[in-house]
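A short worksheet on the structure shown next.
The values are calculated or read from the model by the stated rules, or taken from the named source; none is laboratory data. The structure presented is a predicted model; accordingly, all values stated were derived computationally and were not measured. Cβ placement follows ideal geometry from the backbone for every residue including glycine, while neighbour counts extend to all protein chains displayed. Quick note on the areas: whole protein, heavy atoms, side chains included, nothing else; ligands and nucleic acids left out. Shrake-Rupley method; radii C 1.70, N 1.55, O 1.52, S 1.80 Å.
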Amino acid sequence: QVKKIHIGAYEINSWYISPFPDEYSRHPLLYICEFCLKYMKSEYTYRRHCLKCMQRHPPGDEIYRDGNISVFEVDGRKNKIYCQNLCLIGKMFLDTKTLYYDVEPFLFYILCEYDEKGYHFAGYYSKEKRSVQGYNLSCIMILPSRQREGYGKLLIEFSYLLSKKEGVPGSPEKPLSDFGLLSYLSYWRRAIYEILLAKTGMTIDDITSTLQTDGMLQRQSGVSNYVIVVDSKRTENYVQRANEKNPRRIDPSKLRWAPFL
Ligand code: ACO
Ligand code: ZN
């Protein structure tokens, strides 16, 4: 199976098996164009492709830009091949999710870093156009070469911004991976601490589980009600530290987007 990909400036080892077509999966190293996401078997073909490929950003609309960070919205129906390639790359780092070829019911949000050479792919998440369960995100993946820089949390924040615009609380599709859970707990914690129980766009379930994890949701003896116990010093300290450690934030005023109809 494919063990490694070369994409943009990086060579990245895969974590899980991804179902690339047979003739490709016999090659341990695949070359991927970071702009159109076409995958290739040989370095020669790849170099030639790079000279010819005119694409410098994902297809679809750029719906968010803040400094050198952009998010593109790509419709799985309108850009099927791009989205299938995206899912095959995503599957290399996702254990549980099974979507690769049936991309039409999904929208994809692509996170890019811009420089003079173009919009460099850093990660993405997928979202069902209509989610019966109320999921606002199906799969999220940040390229391992760009992980631990706050991009996961940034895209999670973005997914909740869209939920707020839609006026419906959303939640990620389950099960979450270990890193997915870490990232979500960290996001939920910060969001809740910042505006404790003001409108977050998050479901009550995710709010209560975060509060329970932190011992802030307690049952009063003899009463069936829960009470929220807020240690204001602790929440203030947490928010301050979290923002110092990871200053990347979504600026809602920079979104150019309307909900999918
Ligand atoms: N070890 C420990 N903590 C971690 C790790 C890790 N490997 N990765 C993230 N975290 C924590 C960070 O410390 C941070 O918390 P903090 O801000 O409180 O310190 C928080 O999680 C978010 O970190 P980011 O840097 O924003 O996350 P990153 O850009 O690395 O992306 C992601 C996180 C998307 C989960 C990434 O690890 C990934 O792509 N993993 C492979 C695919 C995957 O598992 N996706 C989630 C599946 S679940 C779903 O899709 C619904
Ligand atoms: Zn290309």
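If you scan segment 33-69, which residues turn out to be part of a strand (DSSP E or B) and either away from ligand 1 (no atom under 16 Å from the Cβ) or at pLDDT below 95 (or both)?
Answer for segment 33-69, where residues must be part of a strand (DSSP E or B) and either away from ligand 1 (no atom under 16 Å from the Cβ) or at pLDDT below 95 (or both): TYR39, MET40, ASP61, GLU62, ILE63, TYR64, ARG65.
Considering only residues that are more than 16 Å from the chain's Cα centre (by Cα) and farther than 16 Å from ASP115 by Cβ, look in segment 57-70 and name the one that is surrounded by the fewest Cβ atoms within 10 Å (Cβ to Cβ).
Among residues in segment 57-70 that are more than 16 Å from the chain's Cα centre (by Cα) and farther than 16 Å from ASP115 by Cβ, the one surrounded by the fewest Cβ atoms within 10 Å (Cβ to Cβ) is ASP61.
Only one residue in ARG234, ARG256 is over 15 Å from LEU154 (Cα atoms), modelled with pLDDT of 85 or more and out of contact with any helix residue (DSSP H, G or I) (no Cβ under 8 Å at 6 or more places or on another chain). Which one?
After applying the criteria, what remains is ARG256.
Only residues that are within 12 Å of ligand 1 (Cβ to nearest atom) and either more than 26 Å from the chain's Cα centre (by Cα) or exposed (fewer than 10 other Cβ atoms within 10 Å of the Cβ) (or both): list them for segment 246-261, please.
Residue satisfying the conditions is PRO247 alone.
Of all residues in segment 221-245, how many are in a helix (DSSP H, G or I), more than 23 Å from the chain's Cα centre (by Cα) and among the β-branched types (Val, Ile, Thr)?
So the count comes out to 1.
Scanning segment 71-83 for residues that are open to solvent by 30 Å² or more (accessible area, probe 1.4 Å) and not in a loop (DSSP other than H, G, I, E, B), which turns out nearest to LEU155 (Cα to Cα)?
Taking the candidates together, the pick is GLU73.
Go through segment 113-138 residue by residue and tally those that are within 16 Å of ligand 1 (Cβ to nearest atom) and open to solvent by less than 40 Å² (accessible area, probe 1.4 Å).
14
When the residues of segment 11-28 are filtered to those that are surrounded by 14 or more Cβ atoms within 10 Å (Cβ to Cβ) and touching a residue at least 24 places away in the same chain (Cβ under 8 Å), which remaining residue is farthest from ASP75 (Cα to Cα)?
Result: HIS27.
Kindly provide the set of residues from segment 17-38 that are more than 12 Å from ligand 2 (Cβ to nearest atom) and within 25 Å of VAL71 (Cβ to Cβ), ordered by number.
SER18, the sole residue that qualifies.
Taking segment 56-77, which residues are within 16 Å of ligand 2 (Cβ to nearest atom) and out of contact with any strand residue (DSSP E or B) (no Cβ under 7 Å at 6 or more places or on another chain)?
none
Looking only at segment 84-97, filter to residues that are aliphatic (A, V, I, L, M) and in a helix (DSSP H, G or I); which one of those is surrounded by the fewest Cβ atoms within 10 Å (Cβ to Cβ)?
Here the residue is LEU88.
Quick one: what pairs do we get from segment 204-215, first residue within 12 Å of ILE192 (Cα to Cα), second surrounded by fewer than 15 Cβ atoms within 10 Å (Cβ to Cβ) and of a type in the set (Val, Ile, Thr), C-beta under 7 Å, 6+ apart or different chains?
As it stands, the answer is LEU211/ILE228, since those pairs meet every condition given.
Output the number of residues of segment 39-55 satisfying the condition of being under 17 Å from LYS117 (Cβ atoms) and either near ligand 2 (Cβ under 8 Å from one of its atoms) or open to solvent by 90 Å² or more (accessible area, probe 1.4 Å) (or both).
So the answer is 8.
Quick check on my filter: what residues within segment 139-177 are near ligand 1 (Cβ under 9 Å from one of its atoms), touching a Gly at 6+ places or on another chain (Cβ under 8 Å) and of a type in the set (Lys, Arg)?
If the condition is that a residue be near ligand 1 (Cβ under 9 Å from one of its atoms), touching a Gly at 6+ places or on another chain (Cβ under 8 Å) and of a type in the set (Lys, Arg), then ARG146 is the only one that fits.
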